[in-house]
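Colleague: There's a structure below that I have some questions on.
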Amino acid sequence: MSGKTIIEMLNYDKNDKRHRFARRAIIAAASLVVFVLLWWNLSLLLANPAIPTPQKTWSALTYLFAHGDSVSGVTMWSHISISLRRFVYGLLLAMAVAVPLGLFLGYSETLREFTMPTLEILRPIAPIAWAPIFIFTTGYVWGPILVVFVGIFFPMLTNTMFGVKKIDPNWIDAAKTMGATRVQVFTKVMFPAAVPYVMNGLRVGMGIGWMCIVASELYASFGGGIGFFVSIMAQMGYWDYVFAGIAVIAVLGLLTITVSDYVHKFIVRRMGME
Amino acid sequence: MTGIKKTQAKDRLRDALGGKQRQTLSGDIKIENLRKVYRTDESETVALEDFSLEIKKGELITIVGPSGCGKTTILKLIAGLVEPTSGTVTIGGEVCEGPGPDRGMVFQDFALFPWRSVRKNVEFGLEIAGVPKEERRERAQRYIEIVGLEKFADARVHELSGGMKQRVGIARALVNRPDIILMDEPFGALDAQTRNIMQGSLLRILEKTDQTILFVTHSVDEAVYLSDRIVVLTKRPARIKEIVEIDLPRPRDRASVEFTSIRKRILEELEKENVME
Ligand SMILES: Nc1ncnc2c1ncn2[C@@H]1O[C@H](COP(=O)(O)OP(=O)(O)OP(=O)(O)O)[C@@H](O)[C@H]1O
Ligand SMILES: [Mg+2]
């Protein structure tokens, strides 16, 4: 009987929004169930302490949120807040530098020709490769922030430059015939025109930035954060805690991407520039 | 001493920023031997050749010519958006170098800012000029009403039809009351009825001011209805084929014998230009 309803659901009405949503929800749930089952079987099969079962991970999770662990002495909440705060600082820093720079580089060919060779050399370096250097030179607070900065900076920059390239030259001409100075052309035409592209850069950058924050915290030997937590717990062999940390990373990563997708869509629509 | 230095530095800064906002004293335009060649890597296009014209303040001149002959180029040269290859444009006694708010332009493809509402588009020039918010709103509202878009004042550009966008472009240029208004086929996207209404409003607005108008159109009927003089262009590169003075009293009767005979003559001239070789 329930088999029948599932088949009915899959045989859905494409024009009905509720049907589409229900269908996607069912498929997503099925995917998750299959994933957990695979994980469970694998952990039983391997019987390796480094791969705890889903149940053990779950109880570790609830314990960590409620009481924290004895090693770092704080709850999962405070690790999350430390990581998120660093993430946001790195993100803001990257926006503050990449957006104006992207506008300038998109605008001035000379500046572009001057800057691009250097940037092209730096771009392929995995941001995490900077972590030891940044942590050594700026410490456990700023180090991870700077890694996030590097990770978000490049997608943000390229997207902003692309946005400038897409500007209708007539917009600039129109502004000039209304007396706009070069600065005003910049602030009142080029910047708003590039915003949807900046937002796209943000969307891409946030995914990368989240990977960067966790990865760079793995290098840190104190200072908290989810990456730090995972690395410490692994060193001590508390594998269920490690898995709990990874699950938190996954959920927060998904959340970041969902939020940035939403913000991107909202702003582009708000600006009438779909 | 430092005061002088400071102002010099300020001037230099302003020039460097391209803010040549000198206001001309009058709307006279003198165009001498203008020539424009567009060069790209692969090709050279002569868009304008041997073009001279004097326009008096307050005149309404229309430009008609075959499509692609160089009409937009003429307007952009006067606006200062395009550099002449040779020749000069003199505005109110000063050689034109670069754009300024004394010459407003209505763009053929509207060039509206999609991130701004209709109202905010119309307010753009006033914002640039530093007009206070209240006054800005009032003045913009007047012109939005003139072009008949009061119901759409808070709409986004992408919600408008082509004809509505065009009217926003017109309001956005007129609201700044420039000495010279360059209009590039401003009524081209309008239906016949709205077009006639807009022609009437334009003439009514101009009655009260002494703005100089350069108006590009594909419609000879529109040209005869509006103009003091019609400049008929050859096919590319555009040269002046003929200048027709229209001294019929306004409002003009499109059905009158004089009107139709002028229109017929210009149409014949244009047809000769459009014949394929
Ligand atoms: N920026 C440019 N670079 C190269 N060629 C150009 C440029 N702008 C215009 N042209 C060319 O110059 C010629 C005249 O163009 P222009 O736009 O002035 O004509 P037009 O009379 O306004 O045309 P239409 O009737 O289509 O509005 C055309 O052949 C066009 O391709
Ligand atoms: Mg044109």
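Colleague: Going through the stretch A:228-247 one residue at a time, which ones are of a type outside the set (Phe, Trp, Tyr) and touching a helix residue (DSSP H, G or I) at 6+ places or on another chain (Cβ under 6 Å)?
Modeller: A:Val230, A:Ser231, A:Met233, A:Ala234, A:Asp240, A:Val242, A:Ala244, A:Gly245
Colleague: Follow-up. From the set of residues in the stretch B:64-78 that are within 23 Å of B:Gly92 (Cα to Cα) and more than 10 Å from ligand 2 (Cβ to nearest atom), which is surrounded by the most Cβ atoms within 10 Å (Cβ to Cβ)?
Modeller: B:Leu77
Colleague: Scan the stretch B:250-269 and give yes if some residue there is within 16 Å of ligand 2 (Cβ to nearest atom) and either in the same structural domain as B:Gly65 (by TED's automatic domain parsing) or touching a residue at least 40 places away in the same chain (Cβ under 8 Å) (or both), otherwise no.
Modeller: Kept after step one, since they are within 16 Å of ligand 2 (Cβ to nearest atom), are these residues of the stretch B:250-269: none.
So far as the stretch B:250-269 goes, no, none of its residues is within 16 Å of ligand 2 (Cβ to nearest atom) and either in the same structural domain as B:Gly65 (by TED's automatic domain parsing) or touching a residue at least 40 places away in the same chain (Cβ under 8 Å) (or both).
Colleague: Here's something else I'd like to know. List the helices (runs of 4 or more DSSP H) inside the stretch B:104-201, counting only whole elements, that have at least 2 residues being open to solvent by less than 20 Å² (accessible area, probe 1.4 Å), within 14 Å of chain A (Cβ to nearest Cβ) and within 16 Å of ligand 2 (Cβ to nearest atom).
Modeller: Counting at least 2 such residues, we get B:162-174.
Colleague: Within the stretch A:169-196, which residues are open to solvent by 30 Å² or more (accessible area, probe 1.4 Å) and touching a residue at least 12 places away in the same chain (Cβ under 8 Å)?
Modeller: A:Trp171, A:Ile172, A:Phe186, A:Lys188, A:Phe191
Colleague: How many residues does the stretch B:39-55 contain that are within 21 Å of the chain's Cα centre (by Cα) and either surrounded by 14 or more Cβ atoms within 10 Å (Cβ to Cβ) or aromatic (Phe, Trp, Tyr) (or both)?
Modeller: Total meeting the criteria: 6.
Colleague: Just for the stretch B:173-204: of the residues that are under 28 Å from A:Arg270 (Cα atoms) and over 12 Å from the mean Cα position of the chain (by Cα), which one is nearest to ligand 1 (Cβ to nearest atom)?
Modeller: Taking the candidates together, the pick is B:Ala189.
Colleague: Within the stretch A:200-210, how many residues turn out to be hydrophobic (A, V, I, L, M, F, W, C) and crowded, with 22+ Cβ neighbours inside 10 Å?
Modeller: Of the residues in that region, 3 qualify.
Colleague: Identify the single condition in (1) open to solvent by 30 Å² or more (accessible area, probe 1.4 Å); (2) of a type outside the set (S, T, N, Q); (3) more than 15 Å from ligand 1 (Cβ to nearest atom); (4) more than 14 Å from chain A (Cβ to nearest Cβ) that B:Ile61 does not satisfy, given that it satisfies every other one.
Modeller: (1)
Colleague: Quick test for you: out of B:Gly87, B:Gly70, B:Gly148, pick the one residue that is more than 16 Å from ligand 1 (Cβ to nearest atom) and touching a residue at least 40 places away in the same chain (Cβ under 8 Å).
Modeller: From the options B:Gly87, B:Gly70, B:Gly148, the qualifying one is B:Gly148.
Colleague: Hey, among the residues in the stretch B:80-89 that are more than 16 Å from ligand 2 (Cβ to nearest atom) and surrounded by 19 or more Cβ atoms within 10 Å (Cβ to Cβ), which one's nearest to the other protein chains (Cβ to nearest Cβ)?
Modeller: Only one residue tops the list, namely B:Gly80.
Colleague: Only one residue in B:Asp15, B:Asp11 is more than 16 Å from ligand 2 (Cβ to nearest atom), outside any loop (DSSP other than H, G, I, E, B), modelled with pLDDT under 90 and within 22 Å of A:Asp173 (Cβ to Cβ). Which one?
Modeller: B:Asp15
Colleague: Sticking with this structure for a sec: Output the number of residues of the stretch A:183-232 satisfying the condition of being under 17 Å from the mean Cα position of the chain (by Cα) and hydroxyl-bearing (Ser, Thr, Tyr).
Modeller: Residues flagged as under 17 Å from the mean Cα position of the chain (by Cα) and hydroxyl-bearing (Ser, Thr, Tyr) within the stretch A:183-232 amount to 2.
Colleague: Also, I was wondering about something else. Restricting to the stretch B:90-103, what's the tally of residues that are touching a residue at least 40 places away in the same chain (Cβ under 8 Å), buried (at least 22 other Cβ atoms within 10 Å of the Cβ) and either more than 8 Å from chain A (Cβ to nearest Cβ) or not in a strand (DSSP E or B) (or both)?
Modeller: Here the count works out to 3.
Colleague: Could you please find all residues in the stretch B:210-249 being more than 16 Å from ligand 2 (Cβ to nearest atom), hydrophobic (A, V, I, L, M, F, W, C) and under 15 Å from the mean Cα position of the chain (by Cα)?
Modeller: B:Ile213, B:Leu226, B:Ile230
The values are calculated or read from the model by the stated rules, or taken from the named source; none is laboratory data. Just so we're clear, the structure is a prediction, and the values are computed from it rather than from any experiment. Ideal geometry is used to build each Cβ from the backbone, glycine not excepted, and the neighbour counts take in all protein chains shown. SASA here: full protein model, heavy atoms, side chains in, ligands and nucleic acids out. Shrake-Rupley method; radii C 1.70, N 1.55, O 1.52, S 1.80 Å.
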